Amino acid sequence: MADDYRRHDFELERRIFEIDNKCSCLRAEKQDDDYLQNASAILEKLKGFYRHGGESLNLSKLLQDYTQVILDITFYEENQLVDQEFPEDSSPFKIQQLLQDLTEPEMLVARLAPGQEVQCVLGTELLECLYWRRGALLYMYCHTLHQRKQWIKKNKDTFIKCIQEGVRYLMRMLQVRNTVKLSDGVVLHDSGASILSEGIFSDTHLLTMMYIGEMCFWAVKYEDCSADPTDHKEDGLQFRDIGTQILNKYVNACEGPLQGQGWNTENAKEILSILQ
């Protein structure tokens, strides 16, 4: 058991120094990027920890810091892809690489802290962010692909798979926190209690709902055009049902407790009129 722990701990140390090299290379491209600067500062702290023998180890804090580094560096890399409008040739490989990087913290928790819940080790916000970032990356990619009609004609299965994976990540993000259960007889006089009871804890949760709705709409649109109506049905998501449920919740929140706070429901209602 001790040997296993030391081996895994060495693996994390090795990864920290590898990521540090990567961060240094990226900073050579853009020295003043805030996210790379933040990642570099955390990496210096992590390297210092190992140089001093790694005593008084707080494994949870160590993994949280490492996760923040991953989030910062991948955010810089994602922005490069967006600025380049997702080049057709290189984007599939780069996106898979980013998804793998954003999955690594959960895998490290499983190996270094077996038996512990990922949420307990990393914390709620970091875990939500890992799911959000993977789902949002695939949303942005699919949004770009959706405008490449000729590409979709030749690669429809790939497009649907990207949507399916993205929707799953975004749904996991919404499920990290349990909805707030209100006691019987509680009267909802304030909007905060109402939206918390629906599992809406931030603007990002609302945006996630809209992203899911749009992606479900794209999937339904191209599934309905499929020559084989059984395509993607056996092990796939029920896009029409998911999109309808999520967007109804979004509209109810925006036109109810959050009315007048700048959330637009026109696109959501238009999509719902097609999905329902």
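The table below lists the values:
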{"read-out": "Candidate set from the range 237-250 (those that are polar (S, T, N, Q) and surrounded by 14 or more Cβ atoms within 10 Å (Cβ to Cβ)); member that is farthest from I160 (Cα to Cα)", "value": "N248"}
{"read-out": "Filter result for R134 (surrounded by 19 or more Cβ atoms within 10 Å (Cβ to Cβ), at pLDDT 95 or above and basic (K, R))", "value": "yes"}
{"read-out": "Yes/no for L108 being outside the structural domain of Q259 (by the TED database), at pLDDT below 95 and open to solvent by less than 40 Å² (accessible area, probe 1.4 Å)", "value": "yes"}
{"read-out": "Residue satisfying condition, being at pLDDT 95 or above and farther than 26 Å from N155 by Cα, within set I271, I246, I212, I200", "value": "I246"}
{"read-out": "Which listed residue, of L126, L138, L108, is touching a Gly at 6+ places or on another chain (Cβ under 7 Å), in a helix (DSSP H, G or I) and either more than 27 Å from C25 (Cβ to Cβ) or touching a residue at least 40 places away in the same chain (Cβ under 8 Å) (or both)", "value": "L138"}
{"read-out": "C129 being out of contact with any helix residue (DSSP H, G or I) (no Cβ under 7 Å at 6 or more places or on another chain), on the phi < 0 side of the Ramachandran plot and open to solvent by 30 Å² or more (accessible area, probe 1.4 Å)", "value": "no"}
{"read-out": "Any hit, the range 251-264, residues being open to solvent by less than 60 Å² (accessible area, probe 1.4 Å) and modelled with pLDDT of 95 or more", "value": "yes"}
{"read-out": "Qualifying positions in the range 76-99 - farther than 22 Å from D33 by Cα, open to solvent by 70 Å² or more (accessible area, probe 1.4 Å) and either in a helix (DSSP H, G or I) or in contact with an Asp or Glu (Cβ under 6 Å, 6 or more places away or on another chain) (or both)", "value": "F93, Q96"}
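A quick yes/no check of all residues on (1) among the hydrophobic types (A, V, I, L, M, F, W, C); (2) open to solvent by 10 Å² or more (accessible area, probe 1.4 Å); (3) modelled with pLDDT of 95 or more:
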residue: T74; (1), (2), (3): no, no, yes
residue: D101; (1), (2), (3): no, yes, yes
residue: G115; (1), (2), (3): no, yes, no
residue: L138; (1), (2), (3): yes, no, yes
residue: H143; (1), (2), (3): no, yes, yes
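The values are calculated or read from the model by the stated rules, or taken from the named source; none is laboratory data. Here the structure is a predicted model, which means the values were calculated and not measured. In this analysis, Cβ positions are derived from the backbone assuming ideal geometry, glycine residues included, and neighbour counts consider all displayed protein chains. Heads up: the accessible areas ignore ligands, DNA and RNA and are worked out on the full protein's heavy atoms, side chains in. Shrake-Rupley method; radii C 1.70, N 1.55, O 1.52, S 1.80 Å.
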